[in-house]
Every structure is written in structure tokens, then in C-alpha cells.
2 protein chains.
Amino acid sequence: MRVAFQGEKGAYSEEAVIQFFGEEVETVPCRDLPTVFSSVESGRVDYGVVPVENSIEGSVNETYDLLLTTGLKVSGEIYLEIHHSLLAHPEADPRKIRRVYSHPQALAQCRVYLLSRGYEAVPSYDTAGAAKMIMEERVLDAAAIASERTAKLYGLKVIERNIEDYGRNYTRFLVIGDKDAEPTGNDKTSIIFSLPHTPGSLYHALEEFASRMINLTKIESRPTKHRPFEYYFFVDFEGHRLEERVREALEGLLGKSTFLKVLGSYPKAAMP
Amino acid sequence: MRVAFQGEKGAYSEEAVIQFFGEEVETVPCRDLPTVFSSVESGRVDYGVVPVENSIEGSVNETYDLLLTTGLKVSGEIYLEIHHSLLAHPEADPRKIRRVYSHPQALAQCRVYLLSRGYEAVPSYDTAGAAKMIMEERVLDAAAIASERTAKLYGLKVIERNIEDYGRNYTRFLVIGDKDAEPTGNDKTSIIFSLPHTPGSLYHALEEFASRMINLTKIESRPTKHRPFEYYFFVDFEGHRLEERVREALEGLLGKSTFLKVLGSYPKAAMP
């Protein structure tokens, strides 16, 4: 089993892959999120695992935009608990650290910590990539924010643990592949739709779910890009698309929307 | 009149300030968005202008989070049309450019262009700041993505114009200050609310607007941060908070929400 993820070996996304598929899985690092999608589409890997949402920073916009245009289906979700550590070169003197490299989301999640220490935050494309760069270029006056697993993998030392500003920090990932999952009785479904720009259109769309007591777990709006300030709605709800009440709700929504795409149904994950 | 914005002189946000307040305004650059908010709160400036949404990239999460915690009111909105240019040092040979520096949103908006030219995208905190750095450090093998106005201000040359991937690229800004605006008959109102986590709660909240034919122009969800995967809803709608039907809708919403904050009412801006 080969599963693609975004980032270098040691990235949080790779941890999510291992949490879902087990230690035996072959993880395939990809430079960016479009490459994760295209690797699954071309059959070079069996699945991809992509971040959609963090409990502090919110949605990962690029993933939502790629889900819109891909032909892939969602077959699973993963909640990964995130703990950030400050990592440095083993020869670095912690008192001489001035700059901290990491992915902008990780920097944002440690904003208060970085301010309190007077470190300058420097954005990079990847948490694990920042750690790897510090080792490869033997940087001694800067640190990286990444996981303890990353530190072990590349040989950095951990200066401080759990430096995130908020205690409960989770990222939710989706598993993407050729098809979605069979009903288990405890499922979720992800859809995308757009609506005519008339008063009450969103209200009337949500009626299809509310009247059938279908619980929405997430609603996200994304710009359509081609028509300024019109939106696609990304909605997750409880239930499988093969359940009677869900089929009825989707049929009703189809009649009210200008676009509807079902990304798939999959077993609901537990938060760790 | 002193108005704070995020970024260096020459930033798109400064253009928005000038578009709204006129050429005579004194613009006050701020390192980051929290500093814009705190400058207005402390009375060091009269207003702040902050980006909330781009027609390609979507919402500016940090602004939404700051609107939640601030005591400031929204008194206006601005639509700025964005055109990106590739800028280089006047002595640079365009054929030798390898890297392109800019704010991650600007890099994302020119993704296809950068790929087609084989440039490496390097994130920085600010479009104008990237241009300024290229001049100050006399960088000859890299370029910046910023506006033509930035090029004039710092003396860079324009290598290529309108390099954005999508033709119609607008950013929407809000004007923040001590109080909101008087009714004009063509207004918008911005609010934030949260809901009990029960099936249909969002549907029933939106009923207050739909039943009164109040048109929602935007709905955005942001994580509450302290309770994973619970959300604040940021909603913009047409109408002023002093209009009868809007007062009734807000009163109804107050009874259904666990939190409600009215950011203010302000004249609706035209798109350029």
C-alpha cells in the first residue's frame, strides 16, 4: 500500500497516514498538494492523505479548491493531535537563536510563544522541511517548529516541547482515492454545492437537511474565482449517501442548487 | 486623518486606504494585523483598514479572528481591484531571475504564471516588503510580486504586468474604528454568532433572515479555538442594524445563538 502526503518525511501529514493505515504503509512524500492529488489520479499511489482543517487555524483553502476540481472520492477522515516543538541543530546554543522557520500555520499556532521569546518568525513551505534545512545547512542561530518525530528523523535536538498557544490542537485530514467507503452505520458525507444569488437560498438549501434531522458538522464557503464574491459551499454532514433520508436530502438539494458534487461517504473518525 | 494599514508603504492595503479616504490621508504602516487593531484601539490613529476577503483566495483568517476579540466597530467596506506585476532591481537581467518573493496570497494568485516560467516561489510577509528588500539588498537573481505603485515608490523595474492567474481579482477591506456608520438606505451589516451543536441550528438561525427577505452576502465559519471543531459564524447581510426588519432578525437570532456580536452597519461599496 502506497500513500501520498504533502511535505518532507517527518511531516505531520505523514503521521496522519501512519495513524490511519498502520506502520507497514509505504509513505510517498510530495512537494505540494496538487502533486498529492495527481499522484492518486495517475495511479502512482493507492491513496492520498490531505489536511482540510485545523482546530485553531481553520480550513486549508488549497485542499478545498483541489477537492472541487478533482474526480477523486473521499473514503476516510483522520483527526491528528498536534504538538509543536522548537528544534535546533545539536551544536546550536539555545541563547543564540534569533529566527524560527516553519510552515505559516505552525508559526501562527505558536504566535504568543514566539512573541514572548522575541524570535523572528520566518515562513517556509513545510515544518519538516524547515528542520531538514537547519541540519543540511548547519544553521546555528535559528530553530524550526516541527514535531518530536521530525527531530528524531533528522537528528535535531528538542529545545522546548508543546509550544503551541492553545492546548487542544487537532488537524483533520481526508483520505482521497478512487472510490468512497461502504456504509458502517456511523458515517459522514462531504458535498460541494453552489446556489442562485437570491435571498434565502442558503436557508432553503439547508432545509433539506434540517427537516430530516441530518446534523451538519461543517460548512465552509470558498470563492468561485471566476465570478467575484460568489461562493461554493463545502458541507460535511452525518449519514451515508446510501441511507434513505440522505438520498432524499441530496435529491432535494439538487433541485435547489446550481451545482452539486458528492465527494463521498466514509466512516466517522473519533477524536484522539 | 491618520489611517493604519498592514504592510510597508506601497502595499495593496495602502491603496485601499487612499481609495476610500482620498489622497490627503496620512497612511500609517504597521508590521502586522494585530498592530493595526491596537493602533486604532489606543487612539494613535483614527481608523484602520484591514483585508477580509479576496475573490480568488478567500477569507483572511487572521482578520476574522481579530474582529472577534476587538471592541472596534466596522464603519465601511472597500473593494480594491488587484493587478500583480513582476518587479526586479533596475540592474537585474530578467533571464537570470530564479526566485520570486512575495506574500503567500500573491504567490498563490500567480501560481500558474510562476510554474510556467519555472520560478521558485519564496514566501515573505508582505508584497511591498519583498520589493523593498530586493532594492535594499541589491538582489539581482530574484524578483518580487507587488503592484506597479510599489515599483514606482522603491525604484524597481516592471518585468511583466497582470501576471495573476485569474482576470478578475478583487480584495475586500473593512474600515475599523470607534463606531459604525449612519443609515444611508443602501447598507450592509456584519455580525458574528455561535450556535448550540444540535441538528438544524444553523438552518433555524438563518430563518430569521430568510423569513424577512434579508439577503446574506457572505457566511464564513471559523473555529472557536478552545473547543475543537465548534465554530463562529461571520455573516454579512444587506440592511442597517437600525432598520425595523434587521432589528427583528437580530432579536430573533439572539434567542437562538450562544453568542452574538454586531460588528456594525456601513454603506455598501460598489465593485470597481
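Quick notes on this one:
- Simple label model, 7 Å out from Cα along Cβ direction - A:SER42 to A:ARG2, nm: 1.0 nm
- Value of Rg to Rh for chain B (Rh from inverse mean 1/r over Cα pairs, i.e. Kirkwood): 1.02
- Inter-chain Cβ neighbour count for B:51-63, averaged per residue, equals 4 (cutoff 10 Å, partner chain atoms only).
- The fewest-to-most ranking of A:HIS89, B:HIS83 by surrounding Cβ atoms within 10 Å reads B:HIS83, A:HIS89.
- Within the stretch B:1-157, antiparallel bridges make up roughly 30 percent of the DSSP beta bridges whose residues both belong there.
- In degrees, nearest ten, helix A:201-210 long axis to first principal axis of chain A (Cα): 90 degrees
- In order along the stretch B:8-14, the Karplus-derived 3J(HN,Hα) couplings, from 6.51 cos²θ - 1.76 cosθ + 1.60 at θ = phi - 60°, round to 7, 3, x, 5, 4, 4, 5 Hz, and Gly and Pro are given as x.
- Inter-copy separations for A:MET1, label at 7 Å along Cα-Cβ, nm, ascending: 6.1
- Here the calculated FRET efficiency for B:SER116 and B:GLU137, from their Cβ-Cβ distance with R0 = 35 Å, stands at 0.85, rounded to the nearest 0.05.
- Neighbour counting of Cβ atoms within 10 Å sorts the residues A:LEU87, A:LEU140, A:LEU253, fewest neighbours leading, into A:LEU140, A:LEU253, A:LEU87.
- Axis-proximal residue of chain B for the rotation onto chain A, reported as residue and distance in whole Å: B:PRO123, 2, based on Cβ position.
- Over all other residues within a Cβ to Cβ distance under 15 Å of B:ALA270, the charged ones net out to 0, with Lys and Arg as +1 and Asp and Glu as -1.
- Cβ crowding within 10 Å averaged over residues, with B:38-44, A:153-159, A:200-206 ranked highest first: A:200-206, A:153-159, B:38-44
- Using the Cβ-Cβ distance between B:ASP178 and A:PHE259 with R0 = 41 Å, the FRET efficiency computed as 1/(1 + (r/R0)^6) comes to roughly 0.45.
- Ellipticity at 222 nm from helices only: DSSP H runs of n ≥ 4 in chain A, each -39500 (n - 2.57), divided by the residue count, give -8500 deg cm²/dmol.
- Reported to the nearest whole Å, the Cα centre-to-centre distance from the stretch A:208-259 to the stretch A:9-82 is 23.
- Label point at A:ARG168 placed 7 Å out along Cα→Cβ; residues across the stretch A:38-59 whose backbone nitrogen lies under 16 Å: A:54-58
- Put a dot 7 Å past the Cα of A:GLU230, heading toward its Cβ, do the same for A:THR35, and the two dots end up 3.5 nm apart.
- Over 24 Å apart at the Cα level, from the set A:LYS188/A:LYS256; B:LYS9/B:LYS218; B:LYS179/B:LYS218, are B:LYS9/B:LYS218.
- When only Cα pairs below 8 angstrom with a gap of at least 6 residues are kept, chain A shows a relative contact order of 23 percent.
- Copy-to-copy label separations for A:ARG99, where each label sits 7 Å from Cα toward Cβ, in nm and ascending: 0.9
All of the numbers you see were taken from the coordinates with simple rules; none came from a lab. Worth saying up front: this structure is predicted, and the values here are computed from it rather than measured. So basically every Cβ, Gly included, is an ideal-geometry build from the backbone, and we count neighbours across all protein chains shown.
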